[in-house]
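Remarks on the structure that follows.
Derivation of every value follows stated rules applied to the coordinates shown; laboratory data play no part. Nothing here was measured: the structure is a model prediction, and the numbers come from that model. Reconstructed Cβ throughout: ideal geometry from the backbone, glycine too, with neighbour counts over all protein chains shown.
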Amino acid sequence: MSPEYPFDEAATARAVVDDVGTLVGWNEGARALLGWSPDEVVGRPAAELLTGRPPLLTGSRWDGTVTLRHRDGRTVPTWLLAHHSPSEDGRAGRWLVVTPLTGSDPAPADEPLAMAGLTQSPCAVAVYDEQLRLRRINDAMSEVIGLPEGRVRGLRLSEIGGRSQSAELERHMLQVLHSGRARDVETYLPAGGEDRARAWLARMAPVTDPAGRIRGVCLAAHDFTEHHRSRERLQLVNEASVRIGSTLDVTRTAQELAEVCVPALADFVSVDLLDPQDGEPPARFAPPVSLRRAAHHSVNPGSPEAVAKPGEAQDYPAGSPQADSLAAGRTIVGTVAGGGLDAWLAWDPARAARVREIGIHSTMSVPIRARGVTLGVAVLTRFRRPEPFSPDDVLLAEEVTTRAAVCIDNARRYSRERETALALQRSLLPRTLPRTAAVDAASRYLPAARAGVGGDWFDVIPLSGMRVAMVVGDVVGHGVQASATMGRLRTAVRTLADIDLAPDELLTHLDDLVVRLSEEAGGEGSPGEVGATCLYAVYDPVSRRCTLARAGHPPPVLLRPDGAPRRIELPAGPPLGVGGLPFESAELEVAEGSVLAFYTDGLVESRERDADAGHRMLGEALADAPGSLDETCDRILHTLLPPGGASDDVALLLARTRGLPASQVATWDIPADPSLVAPIRKQAVEQLSRWDLSDASFTTELVVSELVTNAIRYGSRPIRLRLIHDATTLICEVSDHSHTAPHLRRAKTWDEGGRGLLLVAQLTQRWGSRHTAEGKTIWAELALIEEE
């Protein structure tokens, strides 16, 4: 012995017996008791040391009196205490058998340790000596241990308890013995022969003699199981309020409910939900009830108890926990032993086999209800925990499920609104981009992963003269309102683009519209919250020049065929809805084959990086992408967006520019002389012949004659005629320096004129006028390929 280890191993007779009854351990105390040395008995059957029939060791602990054989031939009646220690590989394990050598000796009545017994105290008290061997216990402690004092006196705590928790308490007692300071320890041990552990507060204090010397340790045990369980229930409710509803995803919320309840409340939990309906679910349920498995969770990896797979729908008949609970509208507890599950298991052989295989003995089905609506049912199952569900367990399960039900209902409402907004958003966005002679285009739209659908949009709009407009915008906010506002703005942009406004003028008109929408949204006396950003660009394949203007929107990125990507420097302009501030346009020359990238801020901005890093990554992804624009879009999204999706909506539009060769454009300056209209018609017909477009000569001659004549008669010099063609379209344009635009009208019977533009409208695919810095241009398009 030493101060650090004061235990006298020889004071207790101790033997270890394996699962087949062979002695595998024998200490000095056992040798002192029976005279056999370890070499003489280890490896031999333990029954050889007994007289009479060996006792049947069952349960986790056994005690009783047996007659042992001494080495000298005499018999020794002895009381034994045996603890079962299961092995880690799941086999039967070993038995630790102990008996005190001096346990029956009475303690002197005047000994200080004996006086500290407090046998009449209602608190369970035990007194251990300097070797931490039991000297006295009171009646309350004897009841806790389940053995009388005379049987266990002289044993160590680890020998009495036979569990790892007992050894841990003994180490704390040793520290009290050395330090002289009291200590409180919480532990969990069964009382007496119980299988279920209780919660104990072990209060340890040194015992001193009149001289102040430490003579032992006093251990007082307080059973605070009910308080501990109440604390666990409160902790579970708090944990449920934190863990359940972390997202607005129905499946994830159901999974969180199952995970919170395992293993704190059940060994297996399944959550089955009603499929969403157009109206509210019925107030009463008549079996069979169709439910879809939303989630399940088990103490066993892989949830082998589950019969249904996540997402699988099943019909539950009368007698099943799910159907009975929904029909009754309350929690129902059933046990296999009580016969409450017989009808269901007889109907479902697969579940009956699983119940027998796993050892399920109790179920508790709790309806999931929120805001007066039934959403589904949660079924809690026990098979590892031996006790059935108690009334307190029912209250706790209902509290947790009620909290989860509100989160599931919120997730369903959010999902329904998100799907509605997404359907509206996609219906308002272009389903396909038009094929134009000016650009090849590809696009992507991704709603926000968590915030919901927003108001991002993009468009490609064909303009006169083979030109094309490209627009991308972002409405402030999310949800159906943002999608509806986006639809109104996109329609307004198309309308304003149809009259061929310059980019800065178009944004000015769009700003006025957003101001009016904001006033309408705000009502009387308060401004609304409607706002947006926008970028509008017009590209001309003839001049290969692009005019752009932006309203608080990120600038586009340009990738030239032989250069590195760069952001186009544009005047920022105020966001739409500010009102009263000007917008400025910028013009640049764009080489044929260049790629213009238009996007919303959700692509480049995130919590993980700033906008500059996002722009740099966009440029790198754009430069490293393959030739296909669709593949480039996918690469950009894969590079810039996190795996779980962006926190904001993302709209991306890529356009590869084309150039129209000079050989497909013909231009003439027209003198202001009506007599020269016939030679001009002839030159136009000859040009069509050189282009192998003679089939369109008749119609073109009539259109050229009418437009040139009107320009000479009503316009201002200089006057210019331009013919442009591609594979499908022939365009005739007449420009002059007058800002007066013609109007189509129907001539009366007695009118001598007024039928020219009506004739042009009938002969061409479409026609119109656009204002320029110098005047106006009247144009008409002829289809070279007849539509089928």
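Which whole-angstrom value gives the distance between the alpha carbon centres of segment 695-714 and segment 535-553?
31
Using the count of nearby Cβ atoms within 10 Å as a rough guide to exposure, how do GLU130, GLU232, GLU706 rank from fewest to most?
GLU232, GLU130, GLU706
Could you grab the Rg to Rh ratio for segment 162-238? Cα atoms only, Kirkwood for Rh. Numbers along the way, then the final one.
Details: Rg = 15.2 Å, Rh = 14.0 Å.
Reported Rg/Rh (Cα atoms, Kirkwood Rh): 1.09.
Take MET617, MET364 and order them by how many other Cβ atoms sit within 10 Å, fewest up front.
Going from sparsest to densest Cβ surroundings: MET617, MET364.
Net charge within 14 Å of PRO391 by Cβ-Cβ distance, Lys/Arg positive one each and Asp/Glu negative one each, not counting PRO391 itself? Write out the running numbers ahead of the final one.
Details: positive: ARG229, ARG233, ARG330; negative: GLU226, GLU387, ASP392, ASP393, GLU398, GLU399.
After counting each charged neighbour, the total is -3.
May I have the convex hull volume per residue, in Å³, for the Cα set of segment 397-469? Can you show the working numbers first?
Details: hull volume 6.1 nm³, N = 73.
Looking at segment 397-469, the number lands at 83 Å³ per residue.
Using a Förster radius of 56 Å, what is the FRET efficiency between SER390 and ARG431 based on their Cβ-Cβ separation? Nearest 0.05, please.
On the way: r = 59 Å, r/R0 = 1.05.
The calculated FRET efficiency here is 0.40.
Bins of 10 Å, beginning at zero and ending with the bin holding the largest distance: percent of Cα pairs per bin for segment 429-657, please.
8, 35, 38, 17, 2, 0
Quick one: give the max-minus-min coordinate of the C-alpha atoms of segment 662-783 along each principal axis, largest first, in Å.
40, 31, 27
For segment 451-492, what are the per-bin percents of Cα-Cα distances with bins 5 Å wide, up to the bin holding the maximum?
Values per bin, smallest distances first: 6, 24, 26, 17, 12, 8, 5, 2, 0.
For the chain, what does the equivalent ellipsoid look like in terms of its semi-axes, each the square root of 5 times an eigenvalue of the Cα gyration tensor, given largest first in whole Å? All intermediate terms of the calculation are to be shown ahead of the outcome.
Numbers: eigenvalues 1744, 158, 120 Å².
Its equivalent ellipsoid spans semi-axes of 93, 28, 24 Å.
Work out Dmax and Rg for segment 330-458 from the C-alpha atoms and quote the Rg first, both in angstrom.
Cα radius of gyration and Dmax of segment 330-458 are 24.6, 79 Å respectively.
Using only Cα atoms, tell me the angle between helix 480-498 and the longest principal axis of the chain; keep it within 0 to 90° and round to the nearest 10.
20
Could you give the alpha-carbon Rg of segment 112-223 over 2.2 N^0.38 Å, rounded to two decimals? Intermediate results must be reported in sequence, preceding the final value.
Numbers: Rg = 12.8 Å, N = 112, 2.2 N^0.38 = 13.2 Å.
Compared with the compact-globule rule of thumb, segment 112-223 sits at 0.97.
Show that you can apply the helix-only estimate: for the chain, add -39,500 (n - 2.57) for every DSSP H stretch of four or more residues, divide by all residues, and state [θ] at 222 nm to the nearest 500. Spell out each step's value before the answer.
Numbers: 21 runs with 249 residues, N = 788.
The per-residue figure over the chain is -10000 deg cm²/dmol.
In whole angstrom, how long is each semi-axis of the equivalent ellipsoid of segment 229-417, when you take the square root of 5 times every eigenvalue of its Cα gyration tensor and sort them from largest down?
Numbers: eigenvalues 108, 82, 45 Å².
After diagonalising the Cα gyration tensor, the semi-axes are 23, 20, 15 Å.
Once label points are set 7 Å from the Cα along Cα→Cβ at both GLU608 and SER415, what is their separation, rounded to one decimal in nm?
Output for this residue pair reads 2.6 nm.
In whole percent, what relative contact order does segment 9-100 give with Cα contacts below 8 Å and a gap of six or more residues?
Numbers: 183 pairs, mean separation 26.8, N = 92.
With pairs under 8 Å counted, the relative contact order is 29 percent.
Any idea what Rg and Dmax come out to for segment 9-100 if you just take the C-alpha atoms, in Å?
Cα-based Rg and Dmax for segment 9-100 come out at 12.5, 40 Å.
Tell me, what is the Rg over Rh of segment 385-424, with Rh the Kirkwood radius over Cα pairs? Before the final figure, lay out the partial values.
Details: Rg = 16.9 Å, Rh = 12.4 Å.
With Rg and the Kirkwood Rh in hand, the quotient comes to 1.36.
Check VAL439: other-chain or 5+ apart residues with amide H under 5 Å from its amide H, H built from backbone geometry?
HN-HN under 5 Å from VAL439: ARG658.
Using only Cα atoms, what Kirkwood radius does segment 604-739 have, in angstroms? Please list the in-between numbers first.
Numbers: mean 1/r = 0.0524 Å⁻¹.
19.1 Å is the Kirkwood radius here.
Relative to 2.2 N^0.38 Å, what does the C-alpha radius of gyration of segment 155-295 come to as a ratio? Two decimals please. Before the final figure, lay out the partial values.
Numbers: Rg = 24.7 Å, N = 141, 2.2 N^0.38 = 14.4 Å.
Scaled against compact globular proteins, the figure is 1.71.
Helix 677-690 against the longest principal axis of the chain: what's the angle in degrees, Cα atoms only, rounded to the nearest 10?
In the chain, helix 677-690 runs at an angle near 50 degrees to the longest axis.
Any idea what the relative contact order of the chain is, in percent, if you count C-alpha pairs under 8 Å spaced at least 6 apart? Could the numbers behind the result be given before it?
Details: 1597 pairs, mean separation 48.7, N = 788.
The normalised contact order for the chain reaches 6 percent.
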